[in-house]
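Structure, as C-alpha cells:
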C-alpha cells in the first residue's frame, strides 16, 4: 500500500522531487566537511586502547617525551658487487649533509618562534639548548660534506646573533672560501625553503650511540635515517615521499656524474612505506571509480541499447554518492556538538572503494529491477505514467527488503572492537540507504520527467519493450522445467561439485576456527616496482629482516634503581635472556650494551673501550633510560633486532617466546626486581594484537550477520525454513568462493604468495552474506507472488522465468563493479575484489539459478505429498 501511494506521488510531482535531490547534492558539494578533509587511514593506529601494544606505546610516550619520532625515512646507499669503498661512504655522507642542515634549520626556527622541542624536555632554558642542538646539527652537516657551505653560513648567522663575533667571522670566511661570490651577501638561513618533513632527528653512521646500527655487518650498505613526527600512515607522508623520491633521483644523477654508478640509492622506512600505501590506495580508488562507471555504462548499453535510459541509474547513483559521502563526512563532526562528545565516528580513505562499488552495483541493480518491472507493466498497458507507478508499487517492497539485508549485515560491524571495522560497516550501510531512497524516488521521477525521450532512439514504448528485452524467456523456461522435474538430483550434483572446492575451507573453520590462513603483511600489499619496497627488499640482503621493525621492550620497576648498579645488572640479565631465546635474535641494544653486542665480561679492546665510553653518553641515557622526571630510574628500554619479517607469523611466535622467557627470568630475580613488568612495543606486537582483535571481531560479526539477516528475511518472507536455507546456501557459496580465491592466488603468485590478506574473509563474508540475499529475496518474493495466482509449480516456473534475465543482468553489474577493484594497485584490495566477483557470480548463476529454485521445488513436492497423504487418510 505504501509503495502504491509512493508511486502515485512520484508520478504526480516529478519536478519537485528532482529539484529537491539536485539542491541537496549541490549543498553537499558546497558545504564542509569534505571527504578528503576528514578521512583517515592506517590499521595499527586504530587498535583498542586496552591492547598490550597500545598500552606499551602510551607508556613509551610518557617515559620518553623527548622521543617524539613516530616514523622514519631511511635513505640507503648500497652496492651488491663489493664492500662500500671510502669514496662510496663519503658520497653517502655528502648525501646526508643537506638533511642534517635542514634539521638544524628546523630546530633553530622552533626556538626562534618561542617554541621548544620535546628533545630538551626537563632542561632549563630550553630555547637556548634547542639552538645549541641546531648548532650541533650544522657542525655535523659541515663535517659530512666539507664542500657544503650552507651549514657554515647558518652557524655564522646564529653566532652573530649570540654576540660571538669571532666565531661568526670564522664560519663566514670558511663559507666564502667554498663559495667566493658570498663575499657581499647578507647572512640568512640557507636554503630558505629546506626540507620540511616534520623531522625530529637525523642519524648517520657518525652519530654517537646509534650510528653503529646504520652500517651493515657485511659492509655493503649504509643508511641515513630521518626520524619524523608524522604517523606511519599520515596523509602528509605522500608529500614527504614525493620529495624524498625527488631527492634520491638527484643523488642518483650525481653518482653517475662522479663515476659511482655502481651505487644503488633508494629510500624506504615506515614513513616511505606508509606514503607508498597511501598513494597506492589513492590510485586504487581512482581506478575503481573509473572502471566501475565504465563497466556500468557498457553493461547497461548492452542490456537496454537506449542511451537515455542510462541517465536513470547514473544520475540517481551519482547524486546518492555525493550526498551520502557528505553525510558520512558530516558524522565525523558530531562530537563537536554539546552533549555528543562521546560520539567518536571516523571514516577511512579505503572505505571509499567499497562505497563506490557497492553504491554503483546495488544502485544499478535497484534501477534494473525497477526498469525491468516497468517494462512488464508497459506490456500490459501502454500508459507511461501508470507503468511507472505500478512498477514502483511492484518492486518497492522487494528492493527495500534486499537493501535492508545488506544494511543490517554491514551494521553488525558496529559491534567490532577494531575501529576500522566498527566505523566502516555503518558508513557503507548509510550510503546504501541514501542510494535506496534515490532509486525509489529520484529514479522514477527522472523516468516520468523524460517521458517519451526515455525510449530514444526507438521512438515508442512498443519498440522499447521489444528491443530492450535482455533475454528470451525460452531458456529460463527450460531451466525452470528441468529444476521442477529433477530438483533433488540437480541440487546434489551442484553441492558435490562445488563442495570439492569449498570443503577444505569448511573443514579448516571447524578444526581451527579459521577458514583459510591469512597474512597480516601490510608491506606485502605493495607492488614490487615501488621504490620504498624495492629498497627495503634490497636492504634485507644486508641487514636482519627485523631491522625495519625492531622490538622495543620496556622493563618497568617502581624501585627507581635502573640507573644504579643493581639495575644495570638486571638489564644485562634481561639482555642475556633475550639472546638465549632463539638464534634469530641478532642484537639487543641497552644502556649497558649500546652497540647491541651480547653481554660479556669487560674488555679493553677497541670495541670494549667504545662501549664503556658510550654508556655515559648523553644520547645513550636519552635513548635507553626514561627521561620523564617522575619515571626516571623506573623504566629501562631494550631494543631487539631479530632476523624475521616483523609482519610474519614466525616473528609473532618468536615475540611470544621472548615475552615468556623474560617473565620466567624475572620471577627468579630477588626483590624488588621480581616485580618488574614487561611492555613490548613495535610492529610485531601491533600485528599480533591486530590479529587477535580482528579474529575475535570476525567471529562476533559473522554470528551477528547470520542472526540479523535471518530475522530480516523472516520478517520479509515469513517462511522460517526458506530463510534458513537462504542463509545456508550463501554460507556454502562463501566457503566455495574463499577456497577458490585462495587456490587462484596461490597458483598465480606461487613465488611470493604467503596467504590471503587478513581483510578478505571478513569483508567477503559480510558483503556476500548481505548482498547475496538480494537476488534470493527478489526471486522468492516474485515466486510467492506468482504462486498465489498460478499454483506451486506454475508459480515457481513463472517466477524463475520472469526474474531470470533481470537478476542475471543485476548479478553481472554487481560482479563487474567488484571486478573493478582488481584494477587497483594494493594486493589486498585486488584479492577482495576478486573474491567478491567470484562470490556474486556464484550467487547469481548457482545459488539463485539452481540451489534456491531446487529447494523451493522440493518444498512443493513435500507439500504435495503431505497433502496427498492427508487426503488419503
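The values are calculated or read from the model by the stated rules, or taken from the named source; none is laboratory data. These numbers come from a predicted model, not from an experiment. Cβ: placed from backbone, ideal geometry, glycine included. Neighbour counts: every protein chain shown.
Annotations for the structure displayed:
- Selection within the stretch 241-263: residues that are touching a strand residue (DSSP E or B) at 6+ places or on another chain (Cβ under 7 Å) and part of a helix (DSSP H, G or I). The member of this set that is farthest from residue 277 (Cα to Cα) is 255.
- Checking residue 550 against (1) buried (at least 16 other Cβ atoms within 10 Å of the Cβ); (2) without any contact (Cβ under 8 Å) to a residue 24 or more places away in the chain; (3) closer than 30 Å to residue 279 by Cβ, the condition it does not meet: (2)
Yes/no matrix, rows are residues, columns are (1) within 27 Å of residue 368 (Cα to Cα); (2) modelled with pLDDT under 90; (3) not assigned by TED's automatic domain parsing to the domain that holds residue 351:
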position	(1), (2), (3)
799	yes, yes, yes
819	yes, no, yes
838	yes, no, yes
851	yes, no, yes
855	yes, no, yes
860	no, yes, yes
864	no, yes, yes
870	no, yes, yes
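Residue-by-condition table, conditions (1) at pLDDT 85 or above; (2) more than 18 Å from residue 679 (Cα to Cα):
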{"site": "582", "(1), (2)": "yes, yes"}
{"site": "601", "(1), (2)": "no, yes"}
{"site": "606", "(1), (2)": "no, yes"}
{"site": "611", "(1), (2)": "no, yes"}
{"site": "617", "(1), (2)": "no, yes"}
{"site": "629", "(1), (2)": "yes, yes"}
{"site": "634", "(1), (2)": "yes, no"}
{"site": "642", "(1), (2)": "yes, no"}
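- The listed residue being touching a helix residue (DSSP H, G or I) at 6+ places or on another chain (Cβ under 6 Å) and under 14 Å from residue 768 (Cα atoms), out of 736, 712: 736
- Taken as a whole, the stretch 740-760 holds at least one residue that is in the same structural domain as residue 839 (by TED's automatic domain parsing), under 24 Å from residue 351 (Cα atoms), surrounded by fewer than 24 Cβ atoms within 10 Å (Cβ to Cβ) and at pLDDT below 90.
- One residue from 669, 637, 662 being surrounded by fewer than 22 Cβ atoms within 10 Å (Cβ to Cβ) and closer than 22 Å to residue 60 by Cα: 662
- Residues of the stretch 178-187 that are in contact (Cβ under 8 Å) with a residue 12 or more places away in the chain and under 20 Å from residue 145 (Cα atoms): 178, 179, 182.
- Every residue from the stretch 206-232 that is touching a helix residue (DSSP H, G or I) at 6+ places or on another chain (Cβ under 9 Å), crowded, with 19+ Cβ neighbours inside 10 Å and assigned to a loop (DSSP other than H, G, I, E, B): 207, 209, 210, 216, 230, 231, 232
- Scope the stretch 57-73; condition outside any loop (DSSP other than H, G, I, E, B) and in contact with a helix residue (DSSP H, G or I) (Cβ under 7 Å, 6 or more places away or on another chain); matching residues: 62, 63, 71, 72, 73
- Condition check for residue 703: in a helix (DSSP H, G or I) and farther than 30 Å from residue 536 by Cβ: yes
- Number of the condition not met by residue 60 [criteria: (1) within 24 Å of residue 201 (Cα to Cα); (2) within 23 Å of the chain's Cα centre (by Cα); (3) surrounded by fewer than 22 Cβ atoms within 10 Å (Cβ to Cβ)]: (2)
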